[in-house]
Amino acid sequence: MTKYFFELSGEHPTMPAAEAYACIKAESDRNDFVTFNKGPGYVIAEFDDRIFENVTERIALTQKAGMYLGSFDADDTAFERVTIPEGTFAVRARRYEGMMPNINTQDLVKKFGRIHSEKNDVSLDSPDVDARLFISDKIHVFVCDASINRTAFEKRKVSERPFFSPISLHPKFARACVNLTSVRKGGIVLDPFCGTGGIAIEAASMGMKVAISDIDERMIVGCMENMDHYNLKLYDSDVLDIGDIGDRFTDVDAIVTDPPYGRSTHTAGENAKNIHERSIPSINRCLRSNGRAVVVLPYELQTNIMTKEDVHAQKVHGSLTRHYHVLLKQ
């Protein structure tokens, strides 16, 4: 077991930490890990080092991650207690949201560098060890072993797809939604309101078997076009009303969906809230035992059909707050 530090993106107060937890859970063979601690802008977790690469390949709302070396109070920066790996090194510091304003980051960097240059050579251009000081509730030290390629999400934005609608989740949040289900690679992920395929694209790019449905056949065709554009394959698809998915799809590992709720979305004339209410029993029916769904709605859902494990609210603009519900099959 190794302790790892995750420097979160800070794009949401709760989702990045929850996503990190879910990714580790999904990739762990035994579905357990020794510790999981979180604080402002970070997560520290101890788990089998063999799954670290798998975790960082799928995660979306984290910037950097790597081996955790220790934490220090502002008045006790005893960096000599830290042991960094052998090889050349560089050290950089980042302050999270103005925390510990009286700490001079350059002084910290110089102190750390002075102490560790006694045993390791400094290399600013191509160091063997990329040491990081993350200033938050404490001064946390870690080795940056992985930088998440978040620019790749921009290439999959809705405007970059051949078939698109302006109403769509950003790819990084679509991927985070898939991760929040703790679905494993190779698991079946269903989006019963597939739209232009943003969720399907992220799930397939992580190695999931992706099934889609929608009441509007144009969306199925458009989603397929977008999947082809990114050289991704669908596992299954059908034109279905949400009430019929339980007869068509069974024992699904995870359901991730962003149902219609805006004035410009297609609802076949049905009230959007009525669609949402009809969705939950169908979603519950499709899932395997202990399967999870992430359902995005413009309000917090009240249901006794599924267990509501978590809700992450995200203010989008004045009239829209998205609520990302993590639901467990009962």
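The values are calculated or read from the model by the stated rules, or taken from the named source; none is laboratory data. Bear in mind that the values here come from a model prediction, so they are computed numbers and not experimental data. All Cβ positions, glycine included, derive from the backbone under ideal geometry; neighbour counts span all protein chains shown. All accessible areas refer to the heavy atoms of the entire protein, side chains included, with ligands and DNA or RNA removed. Shrake-Rupley method; radii C 1.70, N 1.55, O 1.52, S 1.80 Å.
Taking the Cβ of residue 74 as the centre, find all other residues whose Cβ is under 14 Å away and add up their charges (Lys, Arg: +1; Asp, Glu: -1).
-2
With +1 on the Cβ of every Lys and Arg and -1 on the Cβ of every Asp and Glu, and nothing else charged, how large is the dipole of the chain about its Cα centre, in debye rounded to the nearest 20? List each step's numbers first, then the result.
Details: 40 positive and 47 negative charges, 81 e Å.
That gives a dipole near 400 debye.
Per residue, how much accessible area does the range 172-298 show when a 1.4 Å probe rolls over the protein heavy atoms, in square angstrom? Write out the running numbers ahead of the final one.
Details: 4990 Å² over 127 residues.
Accessible area per residue: 39 Å².
Please return the longest stretch of the chain lacking exposed loop sites, where GluC sites (Glu not before Pro) count only if DSSP places them in a loop and at most 16 other Cβ atoms lie within 10 Å.
The longest such stretch corresponds to 119-269.
Pick out, in residue order, every one of the trypsin sites (Lys or Arg not before Pro) in the range 215-266 that is DSSP loop and has at most 15 other C-beta atoms within 10 Å; say none if there are none.
Details: sites: 218, 233, 248, 263; in loops: 233, 263.
Listed in order of number, the matching sites are 233, 263.
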Using alpha carbons only, how many degrees (0 to 90, rounded to 10) separate the axis of helix 105-116 from the longest principal axis of the chain? 60
Springs between alpha-carbon atoms under 10 Å, Gaussian network over the chain: tell me which of 145, 107, 128 tops the mean-square fluctuations. 107
Let me spell out the model: positive unit charges on the Cβ of Lys and Arg, negative unit charges on the Cβ of Asp and Glu, origin at the Cα centre of the range 28-165. What dipole size does that give, in debye rounded to 20? 640
For the pair residue 167 and residue 289, how long in nm is the line joining their label points, each one 7 Å along Cα→Cβ? 3.8
Charges on Cβ only, +1 for Lys and Arg, -1 for Asp and Glu, centred on the Cα centroid of the range 1-138; of 72, 126, 104, which one is farthest towards the dipole's positive end? 104
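Per residue, what volume in Å³ does the convex hull of the Cα atoms of the range 25-120 enclose? Display every interim value, and only then the final one.
Values: hull volume 12.3 nm³, N = 96.
It is 128 Å³ per residue.
Rounded to a whole number, what % of the accessible area of the chain do carbon and sulfur atoms account for, probe 1.4 Å? All intermediate terms of the calculation are to be shown ahead of the outcome.
Working: 6780 of 15240 Å².
Reported share for carbon and sulfur atoms: 45 percent.
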Please work out the Cα center distance from the range 1-59 to the range 161-226, rounded to the nearest Å. 23
Antiparallel content of DSSP bridges confined to the chain, in %, to 5: 65
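Give me the 1.4 Å probe accessible area per residue for the range 6-142, excluding ligands and nucleic acids, in Å².
On the way: 6660 Å² over 137 residues.
With the other protein chains kept in place, the range 6-142 gives 49 Å² per residue.
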